[in-house]
Amino acid sequence: MGRNVKTGPGSEHEAMIQAALGAGKKVGRAMGIKCNNEDGPQRVVEGFQFIGVASDQAFMVKESVAQLKPIRQAVAGMGK
């Protein structure tokens, strides 16, 4: 917390991620990582088997907005 950590290719952070992945492969463990949907395909290619691309909250908010859209449109149409 409070540290400015450089991430991405060539960074110490990425080296640590790759070291953990290598250790997991060495002992036969499935490895996972939390990343965004742009990085997800590359992480699968690297060998990660569990890819967290969003939180449950993000999925719930997105679906809630989609479900409420027709209701809001209908209510807006009632005032005309």
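The values are calculated or read from the model by the stated rules, or taken from the named source; none is laboratory data. Worth saying up front: this structure is predicted, and the values here are computed from it rather than measured. Don't worry about glycine lacking a Cβ; one is built from the backbone with ideal geometry, like all the others, and counts go over all protein chains shown.
Conditions tested, residue by residue: (1) assigned to a helix (DSSP H, G or I); (2) touching a helix residue (DSSP H, G or I) at 6+ places or on another chain (Cβ under 7 Å); (3) surrounded by fewer than 13 Cβ atoms within 10 Å (Cβ to Cβ); (4) not small (Gly, Ala, Ser).
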residue	(1), (2), (3), (4)
23	yes, no, yes, no
29	no, no, yes, yes
38	no, no, yes, yes
48	no, yes, no, yes
57	yes, no, yes, yes
60	yes, no, yes, yes
64	yes, no, yes, no
70	yes, no, yes, yes
75	yes, no, yes, yes
Among residues of region 1-15 being in contact with a His (Cβ under 7 Å, 6 or more places away or on another chain) and closer than 21 Å to residue 53 by Cβ, the residue surrounded by the fewest Cβ atoms within 10 Å (Cβ to Cβ) is 5
Does region 50-69 contain any residue that is modelled with pLDDT under 90 and of a type in the set (Ser, Thr, Tyr)?
yes
Criterion first (exposed (fewer than 13 other Cβ atoms within 10 Å of the Cβ), assigned to a helix (DSSP H, G or I) and under 17 Å from the mean Cα position of the chain (by Cα)) does residue 18 satisfy it?
no
